[in-house]
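Engineer: Please read through the structure below; I'll follow up with questions.
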Ligand code: NAI
């Protein structure tokens, strides 16, 4: 698999001009020399190029995926043996990820990425969704308390697994997570949901180290979340079902950055798109973009495709699915699997699961109608397809790389809290991607710059500008 992975990595490198430019820019300086980075982010071909960029800048890296279905095994294999075909570090990176992990395996993998051999600890975390950060924080919490609650007391199957991991860990080494937390200079977080968790921890006074919110770099959320999902949503639906999208009624729950991209791609295929929203601003945007805005209760019985993109919980309920059309397709593109009530679907016992193929299940209700659920309610663009394409991920991962360099080399400039990257770095990431698209930028004259009150070389917008 490694040879196949290497070929795809080489193709991806050409499509990731931002990351390759950063490799050239920092080749001599090696700003990440001494960095020990634990990464928890979908182990795809694009992530392989990110990992090898971090290594090229001097870092040592250990990796896990942040989703049980998102790993591309050939990408993982190629990273493990590195470009020269041997697993020797630093070019060969230990990767704990494969497609189709169980929850037990998933959390074991996350733990392996965080626990370095020979008593070393990571000094940087690169997270997507916050699971690595969560494990460290919960570990410290329970080490301080001197005990881990019994897994039976957990409110979800997944939390029971986490408690199990931490129980064992506390028995093995009662100070493991405290030591890891003390050594971490900071975390750079990739996605909306992970960033949300960080701000919550900060507000509660529980954040243990500084964090950079990579998601809210303009060149991340306004590109990856939007144009990335515009590409990979229908890729996932097509690979999973091959159902014609044109003419169908497709519902997109949530009209944030991800929802906007999803709605556009479904409309581009000729679907009649309906949006659901809780936020009046986003609802009005959807209406002005030409979509019907309704509640799921009103449209679930007539929809052919229902996609959740909210970062919220219990958006598609058991009751909705019980009322859906025969063979309606139900999928989620938000970070966690609780947007669709999968737990209710299996717990209630009135629907039978009929596996069709990996990551595609038919759930047949007692009345004979069924719904087709993609990736067990986990993000379908990574479970049923291969996630976002390289070019858009080059933007996201250039921000990740710059954020890692910032936090590692200028640690004192980032006190414990959640920070965003300065705008000139955001503009730099965009600039790195213009040439490949043949974009020619207009340059301000000195007089025009003075008129607008901005420097000729940028930044061009005030912090409050929303793009
Ligand atoms: P966002 O905050 O921009 O958008 C979410 C939208 O959903 C908001 O407008 C909110 O008002 C709306 N919403 C919340 N609860 C709702 C409900 N119950 N019903 C209807 N609408 C509701 O967030 P963004 O950036 O669009 O991300 C959404 C999710 O997708 C997050 O979990 C994020 O981590 C994830 N994500 C997934 C990616 C992927 O490749 N699958 C890529 C980027 C983000």
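Engineer: Before anything else, pin down the relative contact order of region 305-458: Cα pairs under 8 Å, at least 6 apart, normalised by residue count, whole percent. Please list the in-between numbers first.
Structural biologist: Values: 184 pairs, mean separation 25.7, N = 154.
Relative CO of region 305-458 lands at 17 percent.
Engineer: Output the direction-averaged projected area (hull surface divided by four) of the convex hull of the alpha-carbon atoms of region 1-46, in nm². Write down the numbers at each step before the final one.
Structural biologist: Working: hull surface 17.1 nm².
Answer in nm², one decimal: 4.3.
Engineer: Determine the distance separating the Cα centre of region 236-264 from the Cα centre of region 1-79; give it in Å without decimals.
Structural biologist: What the calculation gives is 30 Å, centre to centre.
Engineer: Using the number of other C-beta atoms within 10 angstrom as an exposure proxy, rank 352, 376 with the fewest first.
Structural biologist: Values: 352 11, 376 19.
The order, fewest Cβ neighbours first, is 352, 376.
Engineer: Based on the Kirkwood radius over alpha-carbon pairs, what is the Stokes-Einstein translational diffusion coefficient of region 102-154 at 10 °C with 1.306 mPa s viscosity, in µm²/s? Spell out each step's value before the answer.
Structural biologist: Working: Rh = 12.5 Å.
Using the Kirkwood radius from Cα pairs, D works out to 127 µm²/s.
Engineer: Also: Region 127-264: Rg/Rh from Cα coordinates, Kirkwood Rh?
Structural biologist: Rg/Rh for region 127-264 comes to 1.10.
Engineer: If only Cα atoms are counted, what is the Rg of region 246-367, and what is its Dmax, in Å?
Structural biologist: Just the Cα atoms of region 246-367 yield Rg and Dmax of 14.1, 42 Å.
Engineer: Given region 316-408, what percent of its DSSP beta bridges are antiparallel, to the nearest 5? Numbers along the way, then the final one.
Structural biologist: Details: 11 of 16 bridges.
Roughly 70 percent of the DSSP beta bridges within region 316-408 come out antiparallel.
Engineer: Restricting everything to alpha-carbon atoms, can you work out Rg to Rh for the chain with a Kirkwood hydrodynamic radius? Before the final figure, lay out each step's value.
Structural biologist: Working: Rg = 22.4 Å, Rh = 23.1 Å.
Result for the chain is an Rg/Rh of 0.97.
Engineer: While we're looking at this one, here's another question. Could you calculate, for region 50-139, the ratio of the Cα radius of gyration to the Kirkwood radius, expressed as Rg to Rh?
Structural biologist: We get a ratio of 0.95 for region 50-139.
Engineer: Quick one: 172, 105, fewest Cβ neighbours within 10 Å first, how do they rank? Walk me through the numbers before you get to the answer.
Structural biologist: On the way: 172 9, 105 15.
Fewest-to-most ranking of 172, 105: 172, 105.
Engineer: If packing is taken as the mean number of other Cβ atoms within 10 Å per residue, what is the order of 153-162, 275-284, highest first? The partial results should precede the final answer.
Structural biologist: Details: 153-162: 14.1, 275-284: 16.4.
The packing order, highest mean first, is 275-284, 153-162.
Engineer: Sorted by average packing, counted as other Cβ atoms within 10 angstrom per residue and highest first, what order do 137-148, 40-51 take? Working shown, then result.
Structural biologist: Details: 137-148: 16.0, 40-51: 27.2.
Top of the packing list down: 40-51, 137-148.
Engineer: Now a separate question. Once you keep just the Cα pairs under 8 angstrom separated by 6 or more residues, what percentage relative contact order results for the chain? Please list the in-between numbers first.
Structural biologist: Values: 936 pairs, mean separation 70.8, N = 467.
Rounded, it is 15 percent for the chain.
Engineer: Stokes-Einstein at 4 °C, 1.567 mPa s, Kirkwood radius from Cα pairs: D for region 267-317 in µm² s⁻¹?
Structural biologist: Numbers: Rh = 11.8 Å.
Result for D is 110 µm²/s.
Engineer: Follow-up question, since we're still on this one. Would you work out the relative contact order for region 243-347, in percent, from Cα pairs under 8 angstrom that are 6 or more residues apart?
Structural biologist: Details: 193 pairs, mean separation 27.7, N = 105.
After rounding, I find 26 percent.
Engineer: Another question, then. What percentages, rounded to whole numbers, describe P(r) for region 68-121 computed over all alpha carbon pairs with 5 Å bin width beginning at zero?
Structural biologist: The percentages, shortest bin first, are 5, 20, 22, 25, 18, 10, 1.
Engineer: While we're here: Among 342, 321, 1, what is the fewest-to-most ranking by other Cβ atoms within 10 Å?
Structural biologist: Values: 342 21, 321 24, 1 14.
Result, fewest neighbours first: 1, 342, 321.
Engineer: Report the far tail of the P(r) of region 159-203, meaning the percent of Cα-Cα pairs longer than 14 Å. Present the calculation step by step, with values, prior to reporting the outcome.
Structural biologist: Details: 661 of 990 pairs.
Cα-Cα pairs in region 159-203 separated by more than 14 Å: 67 percent.
Engineer: Would you please state the base-10 log of I(q)/I(0) at q = 0.19, 0.21, 0.22 1/Å for region 326-441, with intensities from the Debye formula using one equal scatterer on every alpha carbon?
Structural biologist: For region 326-441 at q = 0.19, 0.21, 0.22 Å⁻¹, log10 I(q)/I(0) is -0.97, -1.09, -1.16.
Engineer: Something else about it: Test of understanding: what is the full-extension gain from residue 294 to residue 413, defined as 0.36 nm times their sequence separation minus their Cα-Cα distance?
Structural biologist: Working: separation 119, 0.36 × 119 = 42.84 nm, distance 4.61 nm.
Length gained between residue 294 and residue 413: 38.2 nm.
Engineer: Here's something else I'd like to know. So what are the three principal axis dimensions of region 344-389 from its Cα atoms, in whole Å, longest to shortest?
Structural biologist: Between the extreme Cα coordinates on each principal axis of region 344-389 lie 40, 18, 13 Å.
Engineer: Using the per-residue mean of other Cβ atoms lying within 10 Å as a proxy for protection, in what order, highest first, do the peptides 261-270, 55-64 fall?
Structural biologist: Details: 261-270: 21.3, 55-64: 23.1.
Descending mean neighbour count gives 55-64, 261-270.
Engineer: Another question, then. For region 187-299, max minus min Cα coordinate along each principal axis, in Å, sorted largest first?
Structural biologist: 50, 31, 23
Engineer: Once Rh is set to the Kirkwood radius over Cα pairs, what Stokes-Einstein translational diffusion coefficient, in µm²/s, holds for region 1-116 at a temperature of 10 °C and a viscosity of 1.306 mPa s?
Structural biologist: On the way: Rh = 14.0 Å.
Roughly 113 µm²/s, to the nearest whole number.
Engineer: I'd like the per residue volume of the convex hull spanned by the Cα atoms of region 393-467, given in cubic angstrom. Walk me through the numbers before you get to the answer.
Structural biologist: Working: hull volume 9.8 nm³, N = 75.
Cα-based convex hull of region 393-467, divided per residue, equals 130 Å³.
Engineer: Continuing with the same structure: Contour minus end-to-end for residue 25 and residue 323, with contour as 0.36 nm per residue of separation and end-to-end as the Cα-Cα distance? Intermediate results must be reported in sequence, preceding the final value.
Structural biologist: On the way: separation 298, 0.36 × 298 = 107.28 nm, distance 5.62 nm.
Gain on stretching residue 25 to residue 323: 101.7 nm.
Engineer: For the chain, what is the percent of antiparallel DSSP beta bridges, rounded to the nearest 5? Don't skip to the answer; put the middle values down first.
Structural biologist: Numbers: 11 of 51 bridges.
Antiparallel bridges make up about 20 percent of those DSSP assigns within the chain.
No lab work stands behind these numbers, since they all come straight from the coordinates. On a predicted model such as this, the values are computed, not experimentally measured, just so you know. Reconstructed Cβ throughout: ideal geometry from the backbone, glycine too, with neighbour counts over all protein chains shown.
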